[in-house]
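Report on the structure given below.
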Amino acid sequence: DAGVTQTPRHEVAEKGQTIILKCEPVSGHNDLFWYRQTKIQGLELLSYFRSKSLMEDGGAFKDRFKAEMLNSSFSTLKIQPTEPKDSAVYLCASRQGQLSNERLFFGHGTKLSVL
Amino acid sequence: GEQVEQRPPHLSVREGDSAFITCTYTDPNSYYFFWYKQEPGASLQLLMKVFSSTEINEGQGFTVLLNKKDKRLSLNLTAAHPGDSAAYFCAVSDGGSALGRLHFGAGTQLIVIP
């Protein structure tokens, strides 16, 4: 399967810990997105990269959330320090080009539980 | 910025009935519209992509309606079956934006009762 790969699928952390989530986009895709998914808020944009450059950093998430893309095939999302309210599913998605009519390909997500 | 509101958040219908989900958006320059389906434990999958020039789009077992005047996007699942039970998300893209950012609705959890 050459889709978007996210690891781990589940993560349990204690309050105050640092966790790192990983994402491998579809090969050849230039755009990469990190979203947080909750039942109440739906999908909230955390970060958006285009050709490895950070294009958008979700304002409300800047202080403890840091996404990086060191190469075109790998991205990380660090949450430091974690808080119970961070419990959610974190989704990574990629898109081939820069056109706003292109579909996103999503990973299965990482379900984070912060105790 | 763009605001997308999706209703209802939860929907239960009996097998064979229709299920109707609606999204309203605020930016009149929005040009591309998407519906994604997320089955339990699975990733979001594209259901349909529509452009502002097309008002009605039909897929397998569903119809997407776009009303630009009211800034409303709708998904109608006709004759729903248990396999349609999933979360559905609308997404709106600003065609004029160089960033190509998508704005998602909060989702609708659909349950189709056999």
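Numerical summary
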read-out	value
Shielding score for B:34-43, defined as the mean number of other chain Cβ atoms within 10 Å	3
Assigned charges on the beta-carbon of Lys, Arg, Asp, Glu; the protein assembly as shown dipole about Cα centre (debye)	260 debye
Cα centre as origin, Lys/Arg/Asp/Glu Cβ charges: chain A dipole, Debye	100 debye
Whichever lysines have a C-alpha closer than 21 Å to that of A:K78, once near sequence neighbours (fewer than 8 apart) are set aside	A:K15, A:K22, A:K52, A:K62, A:K66, A:K111
Burial ordering of B:T22, A:T76, fewest other beta-carbon atoms within 10 Å first	A:T76, B:T22
Counted charge near B:R101, where neighbours are those whose Cβ lies closer than 9 Å (Asp, Glu -1; Lys, Arg +1)	-3
Nearest-0.05 FRET efficiency for B:L46 and A:K78, computed from C-beta distance (R0 30 Å)	0.55
Unit charges on C-beta of K, R, D, E only; dipole of chain B, Debye	160 debye
Residue-averaged beta-carbon neighbours from other chains (10 angstrom radius) around A:39-46	5
B:N29 versus A:T5: modelled label distance in nm, points set 7 Å from Cα along the beta carbon direction	3.9 nm
Among A:Y90, A:L115, A:S73 - extreme Cα towards positive end, dipole of the stretch A:42-115, charges at beta-carbon	A:S73
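Any read-out appearing in this document is the output of simple, stated calculations on the displayed coordinates, not a laboratory observation. Being a predicted model, the structure only gives us computed values, none of them experimental. No Cβ is skipped: glycine too gets one built from the backbone with ideal geometry, and neighbour counts run over all protein chains shown.
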